[in-house]
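**Q** Pasting in a structure now, in structure tokens, and then I'll have a few things to ask.
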Amino acid sequence: MKANKILLLALMLIASMAAKAQIPSVQLKTLEGKTINTAKLSNDGKPFIISFFATWCKPCNRELSAIHEVYPDWQDETGVKVIIVSIDQAQNINKVKPLVDGNGWEYEVLLDPNSDFRRALGVQTIPHVLVVDGKGKIVDSRSGYTDGSEEHLIEKVRELVKKK
């Protein structure tokens with residue numbers, strides 16, 4: 001039991017440190033094959049959300065579908081942008097576009113087949129979501145998904161928009 005408490009404290013400390021970090025510089029590809037430097041991810045000074053997922057991850061797909069339902073409202077209200085990062089390995093990359101298109105997800109999609117970006121951010125499990133302020137600082141980080149927890153994301157974004 002004591003080990004569990006220590007592990008929980010360590011994870012909370014790591015999460016709080018990650019929540020103050022800048023986005024690291026990693027080269028990723030878009031679905032179209034264009035190379036993107038993650039340190040340059042932005043949303044014209046407005047907050048954005050980065051969501052790590054995989055095609056085979058059911059909770060990831062549920063979360064992205066739940067966000068999709070309210071995404072137009074979120075964009076109208078706050079101008080937020082969602083960037084999704086697939087950690088599918090190279091042999092499964094060809095499954096990402098059909099999944100995105102089939103669900104009608106209108107997110108910016110990046111591919112991280114070697115998990116370089118995921119490792120640079122210390123992301124252990126998926127789904128994992130980061131909220132980033134308009135200056136590129138990570139202000140919130142969380143793993144896992146339960147129905148309705150996407151509301152936490154928009155609340156964080158609303159706080160950031162109010163601070164401007």
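The values are calculated or read from the model by the stated rules, or taken from the named source; none is laboratory data. Owing to the predicted nature of the structure, the values given are computational and were not obtained by experimental measurement. Cβ placement follows ideal geometry from the backbone for every residue including glycine, while neighbour counts extend to all protein chains displayed.
**Q** Look at segment 145-164 and say how many of its residues are in contact with a Ser or Thr (Cβ under 7 Å, 6 or more places away or on another chain) and either within 18 Å of VAL85 (Cβ to Cβ) or β-branched (Val, Ile, Thr) (or both).
**A** 2
**Q** Could you tell me which residue of segment 45-69 is farthest from LYS97 (Cα to Cα), considering only residues that are at pLDDT 95 or above and surrounded by fewer than 15 Cβ atoms within 10 Å (Cβ to Cβ)?
**A** GLU69
**Q** Considering only segment 89-117, state which residues are farther than 23 Å from GLN75 by Cβ and assigned to a loop (DSSP other than H, G, I, E, B).
**A** Those that are farther than 23 Å from GLN75 by Cβ and assigned to a loop (DSSP other than H, G, I, E, B): GLN89, ASP112, PRO113, ASN114, SER115.
**Q** Please work out which residue is surrounded by the most Cβ atoms within 10 Å (Cβ to Cβ), limiting yourself to segment 71-96 and to residues that are in contact with a helix residue (DSSP H, G or I) (Cβ under 7 Å, 6 or more places away or on another chain) and of a type outside the set (Ser, Thr, Tyr).
**A** Across segment 71-96, the extreme among qualifying residues is VAL85.
**Q** Filter segment 99-110 for residues that are within 12 Å of the chain's Cα centre (by Cα) and of a type outside the set (Phe, Trp, Tyr); which is nearest to PHE48 (Cα to Cα)?
**A** Per the criteria, the residue is GLU108.
**Q** Determine whether segment 58-75 contains at least one residue that is in a loop (DSSP other than H, G, I, E, B) and touching a strand residue (DSSP E or B) at 6+ places or on another chain (Cβ under 9 Å).
**A** Checked against the condition, which is being in a loop (DSSP other than H, G, I, E, B) and touching a strand residue (DSSP E or B) at 6+ places or on another chain (Cβ under 9 Å), segment 58-75 yields no hits at all.
**Q** Ok, one more. From VAL85, VAL96, VAL26, grab the single residue that is modelled with pLDDT of 95 or more and under 14 Å from the mean Cα position of the chain (by Cα).
**A** Details: VAL96 fails: under 14 Å from the mean Cα position of the chain (by Cα); VAL26 fails: under 14 Å from the mean Cα position of the chain (by Cα).
Checking each option against the conditions leaves just VAL85.
**Q** Can you name every residue in segment 120-137 that is in a strand (DSSP E or B) and either among the acidic types (Asp, Glu) or out of contact with any helix residue (DSSP H, G or I) (no Cβ under 6 Å at 6 or more places or on another chain) (or both)?
**A** HIS128, VAL129, LEU130, VAL132, LYS137 - these are the residues of segment 120-137 that are in a strand (DSSP E or B) and either among the acidic types (Asp, Glu) or out of contact with any helix residue (DSSP H, G or I) (no Cβ under 6 Å at 6 or more places or on another chain) (or both).
**Q** Next up: Under the condition of being among the β-branched types (Val, Ile, Thr) and within 10 Å of the chain's Cα centre (by Cα), which residue from segment 124-158 is farthest from SER65 (Cα to Cα)? Can you show your working first?
**A** We begin by selecting, within segment 124-158, every residue among the β-branched types (Val, Ile, Thr); these are 125-126, 129, 131-132, 138-139, 146, 154, 157.
Now narrow it down to the ones that are within 10 Å of the chain's Cα centre (by Cα): 126, 129, 131-132.
Values: ILE126: 15, VAL129: 14, VAL131: 18, VAL132: 20 Å.
Taking the candidates together, the pick is VAL132.
**Q** Related question: Being loosely packed, with under 14 Cβ neighbours inside 10 Å and within 23 Å of PRO72 (Cα to Cα) is the filter here, so list the residues in segment 118-143 that pass it.
**A** Within segment 118-143, LYS135 is the sole residue that qualifies.
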